[in-house]
1. Looking at Q150, V128, T169, which one has the Cα that reaches farthest to the positive end of the dipole of the range 105-206 (charges on Cβ: Lys, Arg +1; Asp, Glu -1)?
2. Of the trypsin sites (Lys or Arg not before Pro) in the range 189-282, which ones lie in a loop per DSSP and count no more than 13 other C-beta atoms within 10 Å?
3. Kindly list the residues of the range 28-44 that lie in the label zone of A68, defined by a backbone N under 14 Å from the point 7 Å along the Cα-to-C-beta vector.
4. Kindly put I205, I308, I245 in sequence by how many other C-beta atoms sit within 10 Å of each C-beta, fewest to most.
5. Quick one: length gained pulling W274 to K89 fully straight, 0.36 nm per residue minus the C-alpha distance?
6. What FRET efficiency, computed as 1/(1 + (r/R0)^6) with R0 = 41 Å and r the Cβ-Cβ distance, is obtained for K398 and E298, rounded to the nearest 0.05?
7. Under the rule of at least 5 residues apart or a separate chain, name every residue whose amide H is placed under 5 Å from the amide H of T167.
8. Please arrange Y176, Y406, Y80, Y397 by counting, for each residue, the other beta carbons lying within 10 Å of its beta carbon, fewest first.
Amino acid sequence: MIDVIGLGVTDRALLSSAAQAALENSALVIGSARQLAVVGHILTKQQQVNLPPLAELSQLLEENKSLATVILASGDPLHYGIGRWLMNKLAAEVLNFHPAVSSMQAACHLLGVSLQDVEVLSLHGRPVEKIRSALKVKSPLLVLTDKNSQPQRLAQECLAAGFAQTTITVVEKIGYPQQTVRQFSLDELLNGAELSFDALHVSYIEPQGLGGILPEFPGFEDQLFSTGMEQGKGMITKREVRLAILSMLQPSHSDVIWDIGAGCGSVTIELAYWQKNAKVYALEHHPQRLSCLHENREKFGVSENVSIIAGRAPQQLSILPAANKVFIGGSDGELLSILISSWQQLPENGLLVASAVTENTKFQLQQFAEQLSEHQQVETLQIAVSKGTRLAGQLLYKPNLSVTLYKFTKHDVK
């Protein structure tokens, strides 16, 4: 049995009787130097080991599986703590959790805000650009940070997102005698070269300003994407069609999604932006589109859940993790083989959505639909969009090429 003990936010652990007993009866205690010091008054005979990198922790636990082991956590192990990693690596029955007050909870009480009214975001060990999908007008954020996401860096992101009047409150050393609460304007952070912050801190952000730089609701404007051409030009899957594709895919928690022929990434990026818990694999071979795909992934802060694969389908599909949803936006003349490969690997209730503009591509999709058994579900629609423009001072509607969408839902035949 491995006991995972949250220590709370204090310089001297306040433990439940169960946690105290687990610690006293343990043979091996694993934690950071600070955490070990917090329980130092309890440890007498136990072997103490500094927490190694997670890549080495599994081996350490395996080598000592016969010992009664305690792993120390700062607050609540299952709230942005080591608990989730352990749950993914070990059987649930060998883990026993002892939660304590987290830094997030303590910070909210210090600031007089309700935890349920703020979005909690961890940038610890994650790209700071991830914050771009969370910055929204009057939507407060509580951020766990690391050396790459200090308050000054967060201020840069707020300013770039159009929230110039934002304040950032930094709570340091929560629960320690040296605890401090300091509030800053963006200007103070960006021009305060002498400012420094303790490693133990959280940042509370109250976005204020016009915003409007980053999206706040589905339906990204086409000009937001980098395409290698002038704003709003060169986008293969435009907003109105993209929204229909996302509606058909219904991206949800823990989905694994392929975007085949991702182009500059409009479908991939918007999908990943609104569904942070889906994992998207974007496949593209065209050099300029690949470059724009990388640029858009960074711009919208979705690098954590978007993987870009340079190459062609169907050849590269075999190296990807199995998907439960697939979108085919481009096939480069290989549509039939891509359809077959994608469909074969889908699980029951998996979805395949494909778009077509040319008559040849529409014909191939219809052929594929007709070859499926009657047990499979097929939905198709055509989208024709005309946008208002001006000619000689008069309003007229200029039609885009119509796009045909097919949605195939896989049902196993018993």
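Laboratory data are not the source of any read-out in this text; all were calculated from the coordinates shown. Nothing here was measured: the structure is a model prediction, and the numbers come from that model. Because the Cβ atoms are built from the backbone with ideal geometry, glycine has one as well, and the counts that use them run over all protein chains shown.
1. Value computed over the given set: V128.
2. Of the trypsin sites (Lys or Arg not before Pro), the ones in loops of the range 189-282 whose Cβ has at most 13 other Cβ atoms within 10 Å are K233.
3. Those under the cut-off are 28-29, 43-44.
4. The most exposed by this proxy come first: I308, I245, I205.
5. Working it through step by step, the gained length comes to 63.8 nm.
6. 0.80
7. E206, Q208
8. Details: Y176 14, Y406 21, Y80 18, Y397 9.
The most exposed by this proxy come first: Y397, Y176, Y80, Y406.
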